[in-house]
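What follows is a single structure, written as structure tokens, with notes after it.
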Amino acid sequence: MKYTLHRLAVAVMAVMLFTGCSKLTKENYDQVKVGMTKDQVIELLGKPGDKSETEIPGLGLGKLESWTWNNVGYGGKVVMVSFQNGKVSDKSWHE
């Protein structure tokens, strides 16, 4: 009995690890709003998998950044959030 409960607990933890524990949900994505800070976005979605940064001199746009969360292996989600001067300027959700 004790051995069976241990195996069941390990199985449940494995399922949670690979499916239910991701912050990358549609509900969390919908809470991301234009003007939010990077820290607020990380609180909702977790740390991004990829970051890119661009600065175009002379246009007065400041630093432009794009962050990507990719969860293709576990549900096919890709989220991109763009930042201008450290604040959310755009976002997209793809499944």
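For this structure, a couple of remarks:
- Test: residue in region 68-77 that is within 22 Å of S22 (Cβ to Cβ) and among the β-branched types (V, I, T): yes
- The set of residues from region 27-39 being in contact with a strand residue (DSSP E or B) (Cβ under 8 Å, 6 or more places away or on another chain) and over 16 Å from M80 (Cβ atoms) comprises G35, T37.
- Odd one out for K33 among (1) of a type outside the set (A, V, I, L, M, F, W, C); (2) in a helix (DSSP H, G or I); (3) at pLDDT 95 or above: (2)
- Members of region 46-69 found to be touching a residue at least 24 places away in the same chain (Cβ under 8 Å), outside any strand (DSSP E or B) and in contact with a strand residue (DSSP E or B) (Cβ under 6 Å, 6 or more places away or on another chain), listed by number: P48
The values are calculated or read from the model by the stated rules, or taken from the named source; none is laboratory data. This structure is a prediction, so every number in the text was calculated from the model and none was measured. All Cβ positions, glycine included, derive from the backbone under ideal geometry; neighbour counts span all protein chains shown.
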